Ligand code: 5GP
Ligand code: ZN
């Protein structure tokens, strides 16, 4: 579902400043912060401030914001690493989604393996 904010969503809390995060980049629509359990030398989460449950809901409701998440990922990878990155959206619990406010994982700063299962 899509709302401006959701009261029991931790990423809405980060987006509104209610919960602390190590913010690396932000603007009026998007905020990017370091993952608390990093899986690579660079592991940043990029989210829209508005609450959308997953990447498909975001794509349908605000495709321009999804596109802007991609350019954010590119800029973060250039600022924090060598400009190369992997950009992952887990969609659904079986795919590994545990927070139901859409977030892209920006991974890089090292050579990455490929072991999705
Ligand atoms: P998912 O499993 O939904 O694709 O990714 C959720 C990510 O959010 C995980 O990588 C997890 O480490 C991260 N995470 C969960 N809670 C917090 C938090 O409170 N702060 C930050 N910075 N990251 C969080
Ligand atoms: Zn939210």
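Results for (1) farther than 10 Å from residue 101 by Cα; (2) in contact with a helix residue (DSSP H, G or I) (Cβ under 9 Å, 6 or more places away or on another chain), shown as yes or no for each residue.
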| site | (1), (2) |
| --- | --- |
| 18 | yes, yes |
| 22 | yes, no |
| 27 | yes, yes |
| 38 | yes, no |
| 55 | no, yes |
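Say whether the condition of being within 16 Å of ligand 2 (Cβ to nearest atom) and out of contact with any strand residue (DSSP E or B) (no Cβ under 6 Å at 6 or more places or on another chain) is met by at least one residue in segment 74-81. It would help to see each step written out before you state the result.
If we filter segment 74-81 for residues that are within 16 Å of ligand 2 (Cβ to nearest atom), which is where we start, we get none.
For segment 74-81, residues within 16 Å of ligand 2 (Cβ to nearest atom) and out of contact with any strand residue (DSSP E or B) (no Cβ under 6 Å at 6 or more places or on another chain): absent.
Condition check ((1) under 12 Å from the mean Cα position of the chain (by Cα); (2) farther than 22 Å from residue 96 by Cβ; (3) within 15 Å of ligand 1 (Cβ to nearest atom)) across all residues:
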| position | (1), (2), (3) |
| --- | --- |
| 3 | no, yes, no |
| 9 | no, no, yes |
| 59 | no, no, no |
| 64 | no, yes, no |
| 79 | no, yes, no |
- Item | Test: residue in segment 48-55 that is over 22 Å from residue 8 (Cα atoms) and within 10 Å of the chain's Cα centre (by Cα) | no
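Listed here are the residues, each with its yes/no results for (1) without any contact (Cβ under 8 Å) to a residue 12 or more places away in the chain; (2) assigned to a loop (DSSP other than H, G, I, E, B).
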{"residue": "45", "(1), (2)": "no, no"}
{"residue": "65", "(1), (2)": "no, no"}
{"residue": "84", "(1), (2)": "no, yes"}
{"residue": "117", "(1), (2)": "yes, yes"}
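No value in this document is a laboratory result; all are computed from the given coordinates. On a predicted model such as this, the values are computed, not experimentally measured, just so you know. Cβ atoms come from the backbone with ideal geometry, glycine included; neighbour counts cover every protein chain shown.
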